[in-house]
1. What percent antiparallel are the DSSP beta bridges of the chain, to the nearest 5?
2. With an 8 Å Cα cut-off and a minimum separation of 6 or more residues, compute the relative contact order for the chain in percent.
3. Which value, in Å² rounded to 10, gives the accessible area of residue 88 with a 1.4 Å probe and all protein chains present?
4. Contact order normalised by length for the range 106-232, with contacts defined as Cα pairs under 8 Å and 6 or more residues apart; what percent is it?
5. Assign unit charges at the C-beta atoms only (+1 for Lys and Arg, -1 for Asp and Glu), then state the dipole size of the range 174-228 relative to its Cα centre in Debye, rounded to the nearest 20.
6. Can you give the FRET efficiency for residue 221 and residue 105, using 1/(1 + (r/R0)^6), R0 = 41 Å, r = Cβ-Cβ distance, to the nearest 0.05?
7. Which percent of Cα-Cα pairs in the chain sits in each 20 Å bin, short to long?
8. How much accessible area per residue does the range 277-340 have, counting only protein heavy atoms and a probe of 1.4 Å, in square angstrom?
Amino acid sequence: MSSQNIYILAIESSCDDTAASILLNGKVLSNIVASQKIHEEYGGVVPELASRAHQQNIVPVVHQAIEKAGITKEMLHAIAFTRGPGLMGSLLVGTSFAKSLAFGLDIPLIEVNHMQAHILAHFIDEAGFSKPPFPFLGMTISGGHTQIVKVSNYFEMEVIGETIDDAVGEAFDKSGKILGLGYPAGPEIDRRAKLGNPKAFPFTKPKVAGLNFSFSGLKTAILYFIQKQVKINPNFIEENLNDICASIQYTIIGILIDKLKLATKETGINHIAIGGGVSANSGIREALKNGEQKFGWTTYVPKFEFTTDNAAMIGIVGYLKYLDGDFTAQDVTASSRLKI
């Protein structure tokens, strides 16, 4: 790593969180996130509202990140930003701001792939957290993504499995909606699952070839099951909510662990690094820990604040690219469907 002190400003605006972070080499000095509460009323992210909120939030969030880090903008060496994938309107706000500021300060601009950043969040220097050795399997599980990636080095990644329909976070949220829980439903399902019996209501796991995932069939099965039970007993949900949540969570975790078992068998790689908002789920963390005993895995989970959408993960990629001299031209445009 570089002997020089490199300050990177990172900006993340791929969905509904406006985030900015300052990194000194691989260490996070500040990591500010402005979440948008407005989407809760709609039970999901409304793209038009998200991009408007980013426009309001981006200047104060960046200002706060610089102030909290105890530096001035003149000390920055480069600006890293999320180019994609994500919501186009949201990405445009972050991209335009990063380009303007880099141009004004006459410093390099560095584009970052949001999906790579979730995986490389493991390389942030954070006391008490170890970094996975190459090669490893990265599993990103969030509201918008479900992927298993073979990671050979920082920038050599291959997607070996992904969802063919809904993401795992969507499966949690849509199940929560069926049960009348608020948005996002994942944390509430997780909380209630601890109080329920995971084997109370068996749901069938979708059969999908290879390392790919599918969650839409499971969601439909849960919907039909609930509708049928409520017809018989109108109070079915209230009387069995913890057991239902536990059973849903148990099934979803089973799907993820089955695919990881297959991926380790096919690749011969036993180091597994997990990221994305759903990795905060306590049941998934426990299942991974059990996998260490059962299957000889070594698992890596980053610090909680680096699992959900945040700018620190963009910053670490920015820093690694800075060391490589991998800069971006000013004519760069946002890309909503950027691939790893």
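The values are calculated or read from the model by the stated rules, or taken from the named source; none is laboratory data. The structure displayed is predicted, hence computed values, not measured ones. Using ideal geometry, Cβ is built from the backbone for each residue, glycine included, and neighbour counts are taken over all protein chains shown. Just the protein is used for accessible areas: all its heavy atoms, side chains included, with ligands, DNA and RNA removed. Shrake-Rupley method; radii C 1.70, N 1.55, O 1.52, S 1.80 Å.
1. Approximately 60 percent, going by the DSSP bridge assignments.
2. Details: 709 pairs, mean separation 85.4, N = 340.
With pairs under 8 Å counted, the relative contact order is 25 percent.
3. 80 Å²
4. Numbers: 148 pairs, mean separation 23.8, N = 127.
RCO, the range 106-232: 19 percent.
5. Values: 10 positive and 2 negative charges, 23 e Å.
Result for the range 174-228 is approximately 100 debye, rounded to the nearest 20.
6. For R0 = 41 Å, the calculated efficiency reads 0.15.
7. Reading the bins upward from 0: 31, 55, 13, 0.
8. Details: 2930 Å² over 64 residues.
With all protein chains present, the range 277-340 gives 46 Å² per residue.
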